[in-house]
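I have placed the structure first, in the form of structure tokens, so that the comments after it can refer back to it.
Derivation of every value follows stated rules applied to the coordinates shown; laboratory data play no part. Because the structure is a prediction, the values reported are computed rather than measured. Here Cβ is always computed from backbone atoms with ideal geometry, including for glycine, and neighbour counts include all displayed protein chains.
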């Protein structure tokens, strides 16, 4: 009987250790989003990818953050475990962020935006929400460079989340003006404000796409891409 009890206790102890070391629990400890958003991502990944891939994903993200490397670039380059795992992570993160947003929709009612498309209008400036406490600089560094819209004929140089116009499509702003400010909210995702063609600032949500472009979703349901020139 004593032997049986010892075996049961040992198995129970091993179960506790295994649970504590699960990729989901490790992800929850290092995730920068809200508790509900982080749990949603963990649950989603547990269903989409194998446990060994989930463990490898968490290992790599922990290592990249420890070394001060850019996690967003690794994800978009398919560098986390493999491209399928990276894309599964991106899809889960985006879906969970949207779900989290819709659940806390009492934050603020957005004002009516401008009629013209944001890219066609000048980019925007305004103080965005507080940045995520870690990896923010790395995320902003991933989008440093010169960006241009062939569709709307304007461009800017982005540095540390601030966009300074390099070309204009509006009399309301000129090269040298600040027309965009962004802060990271998740790996490869940013929020802030851009100046539209009417010279006013409007809220935008920006995603760094796998093909290394910036995809903008602005107020008044306007969407457009910016291409990296340099």
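A compact table of results
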| read-out | value |
| --- | --- |
| Pairwise label distance in nanometres, residue 95 with residue 223, each label 7 Å out on the Cα-Cβ vector | 1.7 |
| Stretchable slack from residue 151 to residue 87, in nm (0.36 nm times residue separation minus alpha-carbon distance) | 20.3 nm |
| Extension gain (nm, one decimal) between residue 66 and residue 209, 0.36 nm per residue minus Cα-Cα | 49.0 nm |
| Calculated FRET value between residue 102 and residue 144, using beta carbons and R₀ = 22 Å, to 0.05 | 0.10 |
| Label-point separation, residue 166 to residue 43 (7 Å along Cα→Cβ), nm | 4.4 |
| Cα-based equivalent ellipsoid of the stretch 136-230: semi-axis lengths in Å, sorted from largest, via gyration tensor | 19, 14, 13 |
